[in-house]
1. I want the local charge near Glu66. Using Cβ-Cβ distances under 14 Å, sum +1 for each Lys or Arg and -1 for each Asp or Glu among the other residues.
2. Determine the dipole magnitude for the chain: charges of +1 sit on the beta-carbon of Lys and Arg, -1 on that of Asp and Glu, nothing else is charged, the reference point is the Cα centre, and the result goes in debye to the nearest 20.
3. Which of the chymotrypsin sites (Phe, Trp or Tyr not before Pro) across the stretch 6-97 are loop residues per DSSP, with 13 or fewer other Cβ within 10 Å?
4. Can you work out the FRET efficiency for the pair Glu248 and Ser166, with r the C-beta to C-beta distance and R0 = 30 Å, to the nearest 0.05?
5. Of the residues Ile62, Ile206, Ile164, which exhibits the maximal mean-square fluctuation in a Gaussian network model of the chain defined by a 10 Å Cα contact cut-off?
6. Longest exposed-loop-site-free stretch of the chain, with GluC sites (Glu not before Pro), DSSP loop and at most 11 other Cβ within 10 Å?
7. Springs between alpha-carbon pairs under 10 angstrom, Gaussian network model over the chain: which of Tyr177, Tyr146, Tyr220 fluctuates most?
8. Please identify the longest segment of the chain free of exposed trypsin sites (Lys or Arg not before Pro), where exposed means a DSSP state other than H, G, I, E or B and no more than 11 other Cβ atoms within 10 Å.
Amino acid sequence: MYEDFLIDYLTKYNNLRNAFVEVNKNDRVRALMNITMPYNLSDEFYQKEGVYLKSLLAKKSIINVEDLEFKNNISFILGDITLIDSDAIVNACNSRLLGCLSPLHYCVDNAIHSFAGLEVRRDLLPIMEKQNGYEKNGKVKVTKGYNLPSKFIFHTVGPRVAGIVSEDDKIDLENSYLSCLKKACEMNLESITFPSISTGVFAYPILEASKLAVETVKKYLAETNSKLKVVFILHSEKDYNVYKELLES
Ligand code: ADP
């Protein structure tokens, strides 16, 4: 629904002609969204984009946090972070913090922005302009979830590993998890879902990253006596098995 409107609107908005004609209509909308800087999109655009994204979501199965099994308030699942209904999901993004601009890229940042809607980038624009356009590693910025099942998106930049993992990389990764956990508690949220931060394009080895992620979350929950429910969502069977080994051993 509204694919044609969205394709025409964003093609004109970006001053293009026949852009991304080689892919199907849904991917065409997504690719055009990925390259769009939403300085002045119309209310009609956002309204129709919302109807369109909600119609895509209606065809998929939502992961309900209430249905998950938790041990010491931690759960881990194989799945897609854009489909879970936790209070907050965490986005592992780059230092521009405006979402992945590469059309149809497979990263988690691209998926979250594509299914949440261009409202997210629109809301991040003034935040990033205020701080010279770059975000340091290990911090957190919050936007609404818009067309996702989750209420909020926590945007954090994890470390980009060059070669072997440095002490600074470890501190930055720990800070990404900690900043998000603290923010969730500050906002009185009941649940937060993490992807495997930095272990994709940013090349942090999954074994080391997962140990640090799990230790950081366990320590934080124990020290603060928090009731926050934490979900780790893994996008590949391989990563899921790493978390299974860690959390069930
Ligand atoms: P980074 O730049 O922080 O490494 P990536 O997006 O490249 O971020 O990868 C981080 C992790 O997110 C990877 O393990 C990747 O498999 C995973 N991922 C990608 N898409 C999704 C998704 N839709 N849901 C959950 N995890 C995802």
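1. Details: positive: Lys229; negative: Asp67, Glu69, Asp85, Asp87, Glu190.
Neighbour charge sum, excluding Glu66 itself: -4.
2. 360 debye
3. Values: sites: Tyr9, Tyr13, Phe20, Tyr39, Phe45, Tyr46, Tyr52, Phe70, Phe76; in loops: Phe20, Tyr39, Phe70.
Passing sites in the stretch 6-97 are Tyr39, Phe70.
4. Numbers: r = 30 Å, r/R0 = 1.00.
With R0 = 30 Å, the Cβ-Cβ based efficiency is 0.50.
5. Ile164
6. Numbers: sites that count: Glu22, Glu69.
The longest such stretch corresponds to 70-249.
7. It is Tyr220.
8. Numbers: sites that count: Arg17, Lys59, Lys136, Lys227.
The longest such stretch corresponds to 137-226.
No value in this document is a laboratory result; all are computed from the given coordinates. Just so it is clear, the model here is predicted, and its values are computed rather than measured. Cβ coordinates were reconstructed from backbone atoms using ideal geometry, including for glycine residues, and neighbour counts include every protein chain displayed.
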